[in-house]
1. What is the local net charge at residue 43, summed over the other residues whose Cβ is closer than 15 Å to its Cβ (Lys, Arg +1; Asp, Glu -1)?
2. Considering only protein heavy atoms, what per residue accessible area in square angstrom results for the range 51-124 with a 1.4 angstrom probe?
3. To make sure I understand the rule: partners must be lysines, Cα under 22 Å from the Cα of residue 91, and not fewer than 8 residues away in the same chain. Which ones qualify?
4. Compute the Cα gyration tensor for the range 65-155, then decide on rounded, prolate or oblate, letting a ≥ b ≥ c be the square roots of its eigenvalues: rounded whenever a/c is under 1.5, prolate when a/b is larger than b/c in the other cases, and oblate in all that remain.
5. According to a simple spin-label model (label point 7 Å from Cα along Cα-to-Cβ), what is the distance in nm between residue 38 and residue 94?
6. Tell me, what is the percent relative contact order of the range 5-112, built from C-alpha pairs under 8 Å that lie six or more residues apart?
7. What nm distance separates the two modelled labels at residue 15 and residue 148, each placed 7 Å from Cα along Cα→Cβ?
8. Note down the net charge around residue 126, summing +1 for each Lys or Arg and -1 for each Asp or Glu among other residues with Cβ under 14 Å from its Cβ.
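The values are calculated or read from the model by the stated rules, or taken from the named source; none is laboratory data. These numbers come from a predicted model, not from an experiment. Ideal geometry is used to build each Cβ from the backbone, glycine not excepted, and the neighbour counts take in all protein chains shown. Remember, those area values only see protein heavy atoms, side chains included, never the ligands or the DNA or RNA. Shrake-Rupley method; radii C 1.70, N 1.55, O 1.52, S 1.80 Å.
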Amino acid sequence: MNVNIVCIGKIKESFYREALEEYAKRLSRFCKFTVTELAEKQLNGKNEADIRIVKEDEGKRIVQAVKGYVIALDMRGEQLSSEQLSAKITKLTDTNSTLTFVIGGSYGLAECVLERADYKLSFGKMTFPHQLMRVIAAEQIYRAFTIAEGSGYHK
């Protein structure tokens, strides 16, 4: 099983990077886990047209990078409990060799990414920094595998 997170930008803060590395190490028991970081496009201005151009550029590159079953992390997606996410991932691993989770950049995901996604998942209505969202997603993916395994990680 391959699990990939495709995201925009590099993690600058060492504490986020270290946390992500820890979950990557833990996930190695269950899957081949990778993070694909795509370059963040610089914004020329701050108006809606400029933001749309950046999102569309990032979106095209995301769509080119994704493989397998694609789960877009989007505030408008379906909210699941950890147990429900575990069941979903378990079911998906029966029919898919690759799961790709997509995290957008500062301005969110382009419509082309949402159209390409097989499923839209929300971690709630709150906004998180996209660097932190990688850690949160990796932890929840790890939690999903441990729930399916029946280990004591998820109490």
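1. -2
2. 50
3. 32, 67, 120, 155
4. oblate
5. 3.1
6. 38
7. Simple spin-label model gives 3.2 nm for this pair.
8. +1
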